[in-house]
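Visitor: Take a look at the following structure, please.
Bear in mind these aren't lab numbers, they're just calculated from the coordinates by the rules spelled out. This is a predicted model, so every value here is computed, not measured. For neighbour counting, all protein chains shown are included, and Cβ atoms are generated from backbone atoms with ideal geometry for every residue, glycine included.
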Amino acid sequence: MSLIYAGKIVGFIMSIGFFASLIYGIKYLTNRKIRTIPGLDAIDESIGRAVEMGRPVHFCPGGGTLTDYTAPQTIAAIALIGYVAGQCAQRGAKYIVTINVAHTLPAIEEIIRTNYVKHGKVEEYSSDIVRFLPDQVSLFAYDMDLFEREQIASNILIGAYFWEAIVLAEYGGSVGALQIAGTARQSQLPAFVASCDYLIIGDEMYASAAKVSDNKGQIGSIAGQDVCRAIVVAIMVIGFIAALLGSGAIANILKI
Amino acid sequence: MSNFMRTQFPIAIFIICQFYIFFEFFIPIPGGPALTALLGKWVVGVSNFALLLGALNLIRFHGKNIVQQTKNEWYHGAIILASMAAMFLSGWFFKPVYTWLYANIYTGLNTALMCYVGFYFYSAMYKTFKVRNFESFITLFACITMLIANAPISGTVWGLADIGVWIANVPGSGAWRGFLMSAALGMFAVAIRAAMGLERAYTGGSD
């Protein structure tokens, strides 16, 4: 029996290499500066707008779960929910989070409560901030009513989105909310591009979660990720040149 | 609940499961696939148990609105709780009634609401398809070419289907693959941050 499954050897070596790069980044590249992410800066602006207008800030993390391929997006969304909770608590904005995945509920309630406590506004925390709806259809039906009734000032749609994206984004725009969207699901990006004011695209969402954490290790991991990206780009360029010269060597090596 | 049970214990479980599944994907471990499948079943079980928390959130929020007669909300709450009770009781005691409610009310309402998706796609397209600058012109050109390439007329007009297919296969695929690779690296980084206990959002983020 071989030590590693055939066809997965290079994948395993590359995964270990990426792992090492990220660990290196987390340990040694902690003083790097992450570039400005306009969508992330717009979150602060939208909360300020909500405070001035006396209207609520709405956040929806989409239909992503913690149990499948959407988990990293959901984790990033939960981290940003916590950040927005802290900002709302600090500046006195009303905050509403609507979700439709039950097992994310305890983590979301906890991170919001933690951030209210952290900013000394525990008395303003209410269990009514998080509202659970059982599926995507009921989520957007409830949200449409909520947007109209509360006239939300800010609509933050960050997470793994499915077909509900276009309805939430278009309806949020119709009530005049400043809209910030972010997802790593490519099929929903066009809907957000068409309807929202600011967009956090794919990888930026994970970087935003690291940036708001203010944790040097997390910021270092973004630098480590850039090392991985450089390796991937180098392999692609070498493979491209090899293919132009009529050699399939790189493609064959990657299949080992 | 102690800090250990709230944060360190879930992180320990996460790290053990994450590394086990990672290595099991690459390295042949006797009985490994069976254990991975069992872990998957546990995940489904725990997720379903969490539905109870969702139901409690619904009852608490809407129950409070009904009791406090919250303006413009209490009657929504009453409808939601009555519907929940009707579906729960009929599902438990009167299966034919449950099937009838599901097929004739739930499915109909669901389908009607899903129609919003199509409607809003058209309104979003209308806003997007305005040529304000060169980039929006390229977007408009690519979208119209793709629309025509997928319409029955494309076969009769020379070149249109080919242009649409080329846009989808060459610049479109290239851009999406670059996006996917970048997003995949981001996912990998989140997993490593979580494995090292740096990313704690999934535990509620408490220290």
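Visitor: Give the calculated FRET efficiency between A:LEU3 and B:PHE19 to the nearest 0.05, with a Förster radius of 22 Å applied to their Cβ-Cβ distance.
Guide: Approximately 0.85, to the nearest 0.05.
Visitor: What is the distance in Å between the Cα centres of the range B:112-158 and the range A:1-38?
Guide: 39 Å
Visitor: Rounded to the nearest 0.05, what FRET efficiency do A:ALA243 and B:LYS41 have when you use their Cβ-Cβ distance and R0 = 56 Å?
Guide: Efficiency, rounded to the nearest 0.05: 0.80.
Visitor: Counting DSSP beta bridges in the protein assembly as shown, what percent are antiparallel, to the nearest 5?
Guide: Taking every DSSP beta bridge with both residues in the protein assembly as shown, the antiparallel ones total about 0 percent.
Visitor: Further question on the same structure: Could you work out the helix-only [θ] at 222 nm for chain A, with each DSSP H run of four or more residues adding -39,500 (n - 2.57) and the total divided by the number of residues, to the nearest 500 deg cm²/dmol?
Guide: -19000 deg cm²/dmol
Visitor: Shielding of A:199-205 by partners, i.e. mean partner chain Cβ atoms within 10 Å per residue?
Guide: That average works out to 4.
Visitor: For the modelled label position 7 Å from the Cα of A:VAL227 along Cα-to-Cβ, which residues of the range A:1-36 have backbone nitrogen atoms closer than 14 Å?
Guide: Label zone hits: A:15-32.
Visitor: Report the calculated FRET efficiency for A:MET53 and B:THR70 (r = Cβ-Cβ distance, R0 = 25 Å), to the nearest 0.05.
Guide: 0.70
Visitor: Using only atoms on other chains, find how many Cβ atoms lie within 10 Å of each Cβ of peptide A:231-241 and report the average.
Guide: Other-chain Cβ atoms within 10 Å of each residue's Cβ, averaged: 1.
Visitor: Can you return the aspartates and glutamates within cross-link range of B:LYS127? Criterion is Cα-Cα under 13 Å, with same-chain partners fewer than 8 residues away left out.
Guide: Hits, sequence-local ones excluded: A:GLU170, A:ASP197.
Visitor: Modelled label-to-label distance, B:ALA34 and B:LEU52, 7 Å Cα→beta-carbon offset: nm?
Guide: 3.0 nm
Visitor: OK, next. Would you mind giving the mean number of other chain beta-carbons within 10 Å of the Cβ of each residue in A:86-95, as a whole number?
Guide: Across the residues of A:86-95, the mean count of other-chain Cβ atoms within 10 Å is 0.
Visitor: List, in the order given, every pair from A:LYS118/A:LYS216; A:LYS33/A:LYS94; A:LYS121/A:LYS211 whose Cα-Cα distance in the structure shown is over 26 Å.
Guide: Long pairs (Cα-Cα over 26 Å): A:LYS33/A:LYS94.
Visitor: Give the separation of the Cα centroids, the range A:177-242 to the range B:1-40, in Å.
Guide: When both Cα centres are located, 27 Å separates them.
Visitor: Pick out, in residue order, every one of the trypsin sites (Lys or Arg not before Pro) in the range B:1-89 that is DSSP loop and has at most 16 other C-beta atoms within 10 Å; say none if there are none.
Guide: B:LYS71
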